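Working notes, beginning with the structure itself.
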Amino acid sequence: MLDTMCDLVDKGIVSLPIHDALYVEQQHIEDAEKALKKSWKKNLGVSFEPFVDVDTP
C-alpha cells in the first residue's frame, strides 16, 4: 500500500489509506487503480493483477 501511495504522491495525487483500501479524489481513481495493480505485481513478483473494487458516491 505504501508503494502505491508513494507512486501517487510522485504524480501529485494525495491518497489516504483506510484499512485495505485507498481513498483518492474521484478524478484520480484510474491512476490509483493502475498504481495499485503495478505495486501488487512488483511486490509479490506475480504477473496477474488483483481484482479492484471501486466505490463511488
When only residues in the range 1-23 that are among the β-branched types (V, I, T) and outside any loop (DSSP other than H, G, I, E, B) count, which is farthest from D55 (Cα to Cα)?
V9
Among the residues of the range 15-57, which ones are surrounded by 10 or more Cβ atoms within 10 Å (Cβ to Cβ) and of a type in the set (A, V, I, L, M, F, W, C)?
A21, L22, V24, I29, A32, A35, L36, W40, L44, V46, V52, V54
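Conditions tested, residue by residue: (1) at pLDDT below 95; (2) of a type in the set (D, E).
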position	(1), (2)
D7	no, yes
L16	no, no
D20	yes, yes
V24	no, no
H28	no, no
G45	no, no
F48	no, no
P57	yes, no
Tell me, yes or no, whether the range 24-44 has at least one residue that is in contact with a Ser or Thr (Cβ under 8 Å, 6 or more places away or on another chain) and not in a helix (DSSP H, G or I).
yes
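The values are calculated or read from the model by the stated rules, or taken from the named source; none is laboratory data. Computed from a predicted structure; not experimentally measured. Cβ: placed from backbone, ideal geometry, glycine included. Neighbour counts: every protein chain shown.
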